[in-house]
Structures are given as C-alpha cells and as structure tokens.
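Below: one structure, written as structure tokens.
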Amino acid sequence: MTTDDTIKTFLDFFSERGHRRTTGSSLIPPPGDPVLFTTSGMHPLTPYLEGQPHPFGHRLVGLQRCLRTTDLDEVGDRTHLTVFEMLGSWSLGDYGSTQTLRWGFELLRDGFGIDPGRIHVTVFGGDDQVGLDTESLQTWQNLGVPVELTTDDNWWSNGPTGPCGPDSELFVWTGDTPPQGTPTTDDRWMEVWNHVMMRYRRLDDGSVQPLQQQNIDTGLGLERLMMVLQDKRSVYEIDLFEPWMRVVPKLWQLDEQSQRIVIDHLRSSIVIIGDGVRPSNTGRGYVLRRLIRRLLTILWSIDNTSTLSDLPMELFHHTLEHFHQGDVVLLVRQLLLDEEVRFRKLLERGRHVISHERFRRPLNQEDFDYLHETHGLPRELVQSLLVEPSL
C-alpha cells in the first residue's frame with residue numbers, strides 16, 4: 001500500500017462507521033494556545049474533549065501533522081521524526097474501549113492486512129488509585145490477542161492535572177524471526193497505535209475523579225505504520241521519503257545517521273515554513289532556525305562548500321504538495337538560502353571569537369554556554385571549529 005492508499009483506507013474505515021473528518025491540520029495551534037506547535041492529533045480537539053460540543057458531532061476522524069522537539073536527540077534512528085503525521089479517531093462521550101479496540105484490530109488485520117500473529121498489545125494493569133482496565137483486557141482476550149499488563153506505560157495524561165486515563169497500545173512485530181518476548185522486553189515490537197480511554201480528571205491534590213464526558217482518543221503514527229506495511233527497515237525508506245533518499249546521498253557524502261538527520265531537518269523546515277513560520281531568535285522561529293543550523297552544521301563538518309542551493313526543486317514540490325501547503329516553493333527555498341547566508345556570516349564571527357586566547361585550552365561547560373548564549377554558536381559547531389586547521 002502507498003501512503004496515500006493507507007490514509008484513504010483509514011479515513012474511509014471510520015467514515016463508514018459514522019465518523020466525520022476534522023478540518024485543519026496546521027502545525028500552528030489556534031490563537032491563545034500556549035504550545036508552540038501541535039504535538040498530537042488530539043491537541044486541536046482539546047476543548048471538545050473537555051466537553052464543548054463539536055460541530056461535527058460525537059465521532060471524528062482525521063490526519064494531523066505534528067512537531068515534537070522532545071525527541072530531537074533521537075532523530076536519526078529508525079523511527080523518530082521531527083515533523084510527522086498522526087491518523088486519529090475520537091469518540092466524544094459516545095462509544096467506549098471495547099468498540100475502539102475491536103475496530104482497531106479489525107482495521108489492522110483486514111484493512112491493512114497485518115497478520116494477527118504479529119500483533120501484541122499492552123493494557124493498564126492498575127495502581128494504587130485506579131484498578132486494572134478489565135474492559136480492555138477482556139476485549140483483547142476475547143479477540144485472542146496476547147496482552148502485557150503495565151502501569152505507567154499505559155497511563156495517559158495531558159499534564160499534571162486535567163483529563164487522563166488508561167490506554168492500550170498496539171504493537172507490531174518487526175523482527176526477522178518469529179515474534180518473541182513482549183513489547184517491554186523486545187524493542188522489535190514497534191508501537192503503531194495508541195487507544196486512550198479518557199475516563200478521569202486528575203485534581204490539584206493528585207487524586208482522580210471520573211469525567212462527566214468520557215472519551216476515546218486514538219493516535220496511529222502514519223510513517224511507522226508505513227514502515228510496517230511496506231516492510232522497511234526505517235521510516236526513511238517508505239515511499240514518502242523516496243525522493244529524499246534518492247537525491248540526498250548523491251549530493252552529500254554522509255553516514256547513515258547524519259543523512260537521516262539532514263533529510264528530517266530539511267523536510268521539517270520546509271513544512272514549518274510552509275505553515276507560515278519564519279526563522280527568528282524566539283518562539284517557533286527559533287525552533288526553525290535551530291533545525292536549519294543543526295543540519296548545516298552537519299553538512300559543513302563534512303564539506304564546508306556544501307550549500308542548500310544544490311537541493312533540486314523536486315524535493316520542495318514533493319513535500320509541499322504532500323502537506324497541501326500551496327504554491328510557495330520559491331518562497332520556502334529563498335528563506336532557507338537566506339538563513340544559510342546568515343549562518344555562514346555567524347560562523348565567520350565565531351572563528352574570530354574562538355581564536356581568542358581565552359579559548360586556547362580545553363573548553364568547559366561554562367565556555368560552551370557563553371559561546372551559545374552570547375554568540376549563538378551551538379556546541380557541535382564550536383567543536384567542529386576547534387578542529388579546523390586554522391585554529
């Protein structure tokens with residue numbers, strides 16, 4: 001299945017079961033939201049999960065692009081991306097866990113053709129406040145799916161206070177051998193879909209009370225699902241990344257991890273700019289600037305003549321078209337090139353700063369903090385400057 005086929009299959013499945021397609025998928029939260037970027041599929045639906053009536057009713061389905069910087073250090077492995085997409089389904093005070101889990105299993109098995117023998121799930125096993133999630137456990141047992149009970153790993157919350165509840169996570173075996181172990185004992189079990197049973201509210205004193213409107217919130221990572229469906233070793237090998245993986249290795253000689261980071265950060269930067277963000281030293285613009293400078297640092301540590309002007313227009317078109325961001329290719333490309341020029345000038349100043357006698361010794365954390373906060377020089381860039389022949 002292609003990525004487009006998969007999206008259609010998911011949306012059609014839930015539409016046929018009375019779910020309405022949500023509108024809007026920008027990375028930018030609505031005005032008044034303190035979060036810089038949308039981090040999950042449920043984020044734009046927070047008011048409705050809190051009880052406000054949704055104009056489309058009680059059953060929703062959608063595709064939401066998300067951005068997370070908390071996983072930035074993990075980008076470059078098999079599964080993590082800065083900008084990614086979440087398929088989601090929601091029940092706003094309608095059906096419960098038995099229904100959502102049965103539908104989830106049916107879609108994975110029949111809609112996506114995943115062998116049930118490759119599926120394992122986890123369920124909340126209870127703690128000193130909330131007991132075992134017996135409804136979810138019994139549902140999976142009736143379906144014949146192996147279950148692992150956990151505590152913290154299967155408890156969802158939106159913060160220290162507010163809506164919370166048990167969740168059940170669906171894993172698919174990605175190993176070359178027959179399935180073995182459990183999701184917590186073998187990382188070849190890859191989580192693809194989380195079903196949250198939003199049943200409680202945590203109060204300021206740490207206690208929980210049942211929600212008046214109990215909801216279901218599910219999130220299925222599109223790129224991870226495609227990795228499973230297309231039997232790929234990493235998310236960077238799925239069809240969505242085909243142009244990037246075909247073009248970038250010919251442009252720049254990078255090791256596998258560096259190549260993945262550069263591709264991720266470039267693609268994410270294009271999407272962020274496509275959603276209206278511009279590079280700056282604060283807020284969303286700083287996140288964008290950090291991504292661009294991080295990828296340039298990697299490129300220039302290998303070859304300081306590398307330039308983003310070498311990127312073919314195909315990559316801009318492919319990314320912006322997938323995210324339905326309109327005809328802004330030339331604008332996005334120019335903003336990236338302007339930021340590259342600005343960063344090169346910063347490096348020139350950086351070389352001058354680092355040549356100072358103060359830095360002609362092993363640097364400590366205070367030095368790195370000073371160089372970053374005062375001169376905007378990230379640690380990895382300072383380290384690369386220190387080993388240049390001229391220094």
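The values are calculated or read from the model by the stated rules, or taken from the named source; none is laboratory data. Computed from a prediction, not measured in an experiment: that's the story for all the values here. In this analysis, Cβ positions are derived from the backbone assuming ideal geometry, glycine residues included, and neighbour counts consider all displayed protein chains. Note: areas computed on protein heavy atoms with side chains; ligands, DNA, RNA excluded. Shrake-Rupley method; radii C 1.70, N 1.55, O 1.52, S 1.80 Å.
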Want the number for residue 372 to residue 349: 0.36 nm per residue separation, take away the alpha-carbon distance, what's left?
7.0 nm
Cα pair distances of the chain binned at 10 Å [whole percent]:
4, 21, 28, 23, 16, 7, 1, 0
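Carbon and sulfur together cover what percent of the accessible area of the range 52-138 at a 1.4 Å probe radius?
Details: 1450 of 3330 Å².
Within the range 52-138, the accessible surface is 44 percent carbon and sulfur.
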Please work out the Cα center distance from the range 318-350 to the range 1-41, rounded to the nearest Å.
26
Accessible area per residue, 1.4 Å probe, Å², for the chain: what's the number?
46
Return the tail of the calculated pair distribution for the range 21-63, meaning the percent of Cα-Cα pairs more than 13 Å apart.
55
Taking 40-49, 143-152, 170-179 and ranking on average Cβ neighbours within 10 Å, highest first, one gets 40-49, 170-179, 143-152
Viscosity 0.890 mPa s, temperature 25 °C: Stokes-Einstein D of the range 1-152 from its Kirkwood Cα radius, in µm² per second?
140
For residue 209 and residue 149, FRET efficiency with R0 = 25 Å and r from the beta-carbon atoms, rounded to 0.05?
0.55
On the formula 1/(1 + (r/R0)^6), with r taken between the Cβ atoms of residue 380 and residue 4 and R0 of 25 Å, the FRET efficiency rounded to 0.05 is 0.10
Quick one: angle between helix 365-375 and the longest Cα principal axis of the chain, in degrees between 0 and 90, rounded to 10, please.
80
Residue span residue 338 to residue 305: 0.36 nm per residue of separation minus Cα-Cα distance leaves a gain in nm of 10.3 nm
Contact order relative to length of the chain, as percent, for alpha carbon pairs under 8 angstrom and 6 or more apart:
13
Identify the residues of the range 224-242 with backbone N under 13 Å of a label point that sits 7 angstrom from the Cα of residue 74 along the Cα-to-Cβ direction, or state none.
224
Count charges around residue 317 for me, please; just the other residues with Cβ under 11 Å from its Cβ, Lys/Arg as +1, Asp/Glu as -1.
-2
Local charge sum around residue 275 (other residues, Cβ-Cβ under 12 Å, Lys/Arg +1, Asp/Glu -1)?
+3
Taking Cα atoms, how many degrees apart are the long axis of helix 242-251 and the longest axis of the chain, rounded to 10 and kept between 0 and 90?
20
Ratio of the range 257-315's C-alpha Rg to 2.2 N^0.38 Å, to two decimals?
1.12
MRE, 222 nm, helices only [DSSP H, n ≥ 4, -39500 (n - 2.57), over the chain, to nearest 500]
-12000 deg cm²/dmol
Expressed in µm² per second, the diffusion coefficient of the range 168-272 from the Stokes-Einstein equation, with Rh the Kirkwood radius over alpha carbon pairs, at 37 °C and 0.692 mPa s, is 193
Spin-label point model (7 Å from Cα, Cβ direction): what's the residue 135 to residue 99 distance in nm?
1.0
